[in-house]
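Colleague: Dropping the structure in here first, questions after.
Since every read-out is calculated from the coordinates, none of them should be taken as a lab result. Predicted, not measured: the structure shown is a model, and the values here were computed from it. Note: ideal-geometry Cβ built from the backbone for every residue, glycine included; neighbour counts use all protein chains shown.
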Amino acid sequence: MAWQPTIWGSEKIRLEHEAFLAEQAALLDEFREPAKYAREMDRLHALLRRYSHRWVVYNAAGERQEPSQRMYDWVDRYNTLTNSVNFEAWCDGRECAFPHDAYDVLA
């Protein structure tokens, strides 16, 4: 079967996807240095562990409450940084399984 280009539903979706990929690439580039990467991952890991009880919260009526946007941002940032070349080395010196993601930290 011959290669076929990706067909996008709309130009807006394609541009949003490209912006998302550029944002991820910029984040990975920002934390390319191992020491800086380790500090950021330690910070995010600590925040996710500290506030993991807030990930799934139910009110008195038994309705699920959504976590804060800040928590969603931490999860997205952590998961993006797991794609770094420094991730395996960061996991080696800690109690982290390799590979894992933010949802494993929250569990």
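Colleague: Could you tell me whether any residue of region 47-57 is more than 18 Å from H100 (Cα to Cα) and of a type in the set (A, V, I, L, M, F, W, C)?
Modeller: Yes; the residues of region 47-57 include at least one that is more than 18 Å from H100 (Cα to Cα) and of a type in the set (A, V, I, L, M, F, W, C).
Colleague: Name the pairs whose Cβ atoms lie under 8 Å apart, with the first residue in region 54-70 and within 13 Å of L106 (Cβ to Cβ), the second of a type in the set (V, I, T), and 6 or more positions between them or separate chains?
Modeller: Matching pairs, first to second residue: P67/V56; P67/V57.
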